[in-house]
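Read the figures in this text as sums done on the coordinates, not as results from a lab. Quick caveat, the model's predicted, so the values are computed rather than measured. Neighbour counts are summed over all protein chains in view; Cβ atoms, including those assigned to glycine, are modelled from backbone coordinates with ideal geometry.
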């Protein structure tokens, strides 16, 4: 088994590796396991995750596998999944068949989609294997847009966040507690509705100096932006969970329908087998009768032969 897999997954050069379906299955299952163990942070698998997966694949397919092979293969699998997700996820009339590994829809539905997106025509005949497993790993990321944020982009985003709260600014986080104490909090300051940010630190009375008012305005704007960002992130997360549940239910229903068809097919095959057994029994009885007739003829022939001799 190990030798056969080694031949199938033999490296063609130092930087390339010929992947088999069996290797892909082992690789993706290991990715899911590492993700469940918490070895995937902010959409990226950790060094520990790659080390664990590399050790597993080497123990099965050989020590010629390198970590770079895993990263390159994951990028290919992720790109293929992303194309299919963006084209078909949540699209009415389409469903992924876990048996054929292809997206399916009525002919007229395909026709309408191809008119709008000619590039999707290839997926009418091209399977996308392991879509369900890759969805478990990357479905939420695609829904929330995390897949589009690279490490450099994250650093830039963090730098922008630091600019909003500059620790060297006397009107920033270090003096926030003092400013809150300067501005009385009234019932109007803590009330808000969905879609509006709370205006903490404002009252109906005109208190404090012009400088305090300016600081309050800056603080209000920053907190408003932060609140809207958090609300948007929460909304995307809820939508992602809803989509995952919807797709999970769809996959379950498809599996049930396929299982029912398989049961009906098995029952029909059993019935056919029973009929074949009955036919075989009849053929055996006919053969037995034929043997009896042959024996009787042989006996008669012997008697006639003896009578002629006499």
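A few points about this structure:
- Here the gap between residue 294 and residue 41, fully extended at 0.36 nm per residue and compared with their Cα-Cα distance, gives a gain of 82.7 nm.
- Order of 78, 122, 37 under a 10 Å beta carbon neighbour criterion, fewest first: 122, 37, 78
- Within the range 14-47: backbone nitrogen closer than 11 Å to the residue 76 label point (7 Å, Cα to C-beta): 16-21, 24
- Peptides ranked, highest mean first, by Cβ atoms within 10 Å: ranges 50-56, 39-45: 50-56, 39-45
- Each peptide in 292-300, 108-116 receives the mean, over its residues, of other Cβ atoms within 10 Å, and ordering these scores from highest gives 108-116, 292-300.
- Extension reserve of the residue 126-residue 59 stretch, reckoned as 0.36 nm per residue once the Cα distance is removed: 20.9 nm
- Shown for the range 2-149 is the translational diffusion coefficient from the Stokes-Einstein equation, using the Kirkwood radius over Cα pairs, a temperature of 37 °C and a viscosity of 0.692 mPa s: 196 µm²/s.
- Once the Cα-Cα distance is subtracted from the 0.36 nm per residue extended length, the residue 262 to residue 100 segment shows a gain of 56.9 nm.
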